[in-house]
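Colleague: Below is the structure I would like to discuss, written out as C-alpha cells.
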Amino acid sequence: MARKQQEKSLQTQHELLDSAEKLFGSRGFVATTIAEITADAGYAKGNFYRYWQSKDDIMFEIIANKMQSYRQVRDTALSSASSLTEVMDHILDFLETMIDDRNWSTVFLEFTIHASRDPELRARLNQSIYRLSDEIFEDIVAPHITSNYAACKIGALNTALFEGFLVHSLLGTGTIDRADFRRAAMKLALANATDA
C-alpha cells in the first residue's frame, strides 16, 4: 500500500513539474500562477504545496533537472577531449543546445531577472546546480591551461559571452551569429590559456 502511495506521489510531482515547465514556456514564469499549474496537471492547488513552498521552488527544481540533463550530454562528450580546443568545442556545443531550446532559454532569462531582485533567490540561483558555473568550467579547462591566467576567469568570461549572445539571439538582432559567438569564445579561451 505504501509503495503505491509513493508511486502516486511521484507521478503527481512529475505531472506538476511537466505542467509548470510547459506553462512557463508558453506564458512565462511571472504570468503563470500556481492555480494554473495545478489545473493544467489536473490536481487541486493544495497538491502543489505538498512538494514546493512557492513557484520559485518549482522553478529551481526545473532548472536543476534541465542543467543535469544538459550536463550529462556534455560530460559524455568531454570524456574523450584531449586538448583545450576539443574541450571548448564540447562546451560550446553544450551552450548551443541551451540556445536551441528557445522556450527554456527565454524562461531561464526571465527567472534570472526575477531572482536578481531578491538577495536570497539570487544567492540560490548562483549555486552551480542551477546555472553555468565558473567553478565547474574551471575544473573542465584547468588541465589544459599552461598560462598563469585563472581558469575560473576563463569560465566567467565564457559565461558572460554566452549569456550576452543568448540575449542577443532571443532578441533576434542578427548582427552576430553562432559562428561569430563560437569564434570569439574559442579565441578568448585559447588566448588566455596559453603563455604564447
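The values are calculated or read from the model by the stated rules, or taken from the named source; none is laboratory data. Predicted model, so just to flag it, every value in this text is computed and none were measured. Here Cβ is always computed from backbone atoms with ideal geometry, including for glycine, and neighbour counts include all displayed protein chains.
Colleague: Identify the single condition in (1) touching a residue at least 60 places away in the same chain (Cβ under 8 Å); (2) within 20 Å of residue 81 (Cβ to Cβ); (3) among the small types (Gly, Ala, Ser) that residue 169 does not satisfy, given that it satisfies every other one.
Modeller: Among (1) touching a residue at least 60 places away in the same chain (Cβ under 8 Å); (2) within 20 Å of residue 81 (Cβ to Cβ); (3) among the small types (Gly, Ala, Ser), the lone unmet condition for residue 169 is (2).
Colleague: Surrounded by fewer than 17 Cβ atoms within 10 Å (Cβ to Cβ), part of a helix (DSSP H, G or I) and touching a residue at least 40 places away in the same chain (Cβ under 8 Å): is that true of residue 85 in this structure?
Modeller: Values: surrounded by fewer than 17 Cβ atoms within 10 Å (Cβ to Cβ): yes; part of a helix (DSSP H, G or I): yes; touching a residue at least 40 places away in the same chain (Cβ under 8 Å): yes.
Considered against the rule, which asks whether it is surrounded by fewer than 17 Cβ atoms within 10 Å (Cβ to Cβ), part of a helix (DSSP H, G or I) and touching a residue at least 40 places away in the same chain (Cβ under 8 Å), residue 85 comes out as yes.
Colleague: Sticking with this structure for a sec: For the stretch 23-41, give me the residue count where each residue is over 11 Å from residue 62 (Cα atoms) and part of a helix (DSSP H, G or I). I'd like the intermediate steps shown before the answer.
Modeller: First, pick out the residues of the stretch 23-41 that are over 11 Å from residue 62 (Cα atoms): 23, 25-41.
Restricting the remaining residues to those that are part of a helix (DSSP H, G or I) gives 23, 25-27, 34-41.
Total satisfying the criteria: 12.
Colleague: Of everything in the stretch 64-82 that's without any contact (Cβ under 8 Å) to a residue 40 or more places away in the chain and of a type in the set (Gly, Ala, Ser), which residue is nearest to residue 109 (Cα to Cα)?
Modeller: 69
Colleague: For residues that are in a helix (DSSP H, G or I) and among the aliphatic types (A, V, I, L, M), scanning just the stretch 110-134, find the one that is farthest from residue 31 (Cα to Cα).
Modeller: Residues of the stretch 110-134 that are in a helix (DSSP H, G or I), as a first pass: 110-116, 119-125, 134.
Adding the requirement that they be among the aliphatic types (A, V, I, L, M) leaves 113, 115, 121, 123, 125.
Working: 113: 14, 115: 15, 121: 18, 123: 23, 125: 20 Å.
Of everything passing the filter in the stretch 110-134, 123 is farthest from residue 31 (Cα to Cα).
Colleague: Scan the stretch 135-155 and give yes if some residue there is assigned to a helix (DSSP H, G or I) and farther than 28 Å from residue 80 by Cβ, otherwise no. Before the answer, list the steps.
Modeller: Residues of the stretch 135-155 assigned to a helix (DSSP H, G or I): 135-144, 151-155.
Checking the rest, the ones that are also farther than 28 Å from residue 80 by Cβ come to none.
The answer is no; no qualifying residue exists.
Colleague: Within the stretch 177-185, is even one residue on the phi > 0 side of the Ramachandran plot and out of contact with any strand residue (DSSP E or B) (no Cβ under 9 Å at 6 or more places or on another chain)? Steps first, please.
Modeller: Narrowing the stretch 177-185 to residues on the phi > 0 side of the Ramachandran plot: none.
Within the stretch 177-185, none of the residues are on the phi > 0 side of the Ramachandran plot and out of contact with any strand residue (DSSP E or B) (no Cβ under 9 Å at 6 or more places or on another chain).
Colleague: Out of all the residues in the stretch 42-58, which are within 24 Å of the chain's Cα centre (by Cα) and either in a helix (DSSP H, G or I) or closer than 21 Å to residue 103 by Cβ (or both)? Show your work before the answer.
Modeller: Going through the stretch 42-58, the residues within 24 Å of the chain's Cα centre (by Cα) turn out to be 48, 51-58.
Residues satisfying the conditions are 48, 52, 55, 56, 57, 58.
Colleague: With (1) under 27 Å from residue 171 (Cβ atoms); (2) not in a helix (DSSP H, G or I) as the list, and residue 97 as the residue in question, which single condition is left unmet?
Modeller: The number of the failed condition is (2).
Colleague: While we're looking at this one, here's another question. Only one of 117, 182 is basic (Lys, Arg) and either touching a residue at least 40 places away in the same chain (Cβ under 8 Å) or in the same structural domain as residue 25 (by TED's automatic domain parsing) (or both). Can you tell me which?
Modeller: Numbers: 117 fails: either touching a residue at least 40 places away in the same chain (Cβ under 8 Å) or in the same structural domain as residue 25 (by TED's automatic domain parsing) (or both).
Being basic (Lys, Arg) and either touching a residue at least 40 places away in the same chain (Cβ under 8 Å) or in the same structural domain as residue 25 (by TED's automatic domain parsing) (or both) holds for just one of 117, 182, which is 182.
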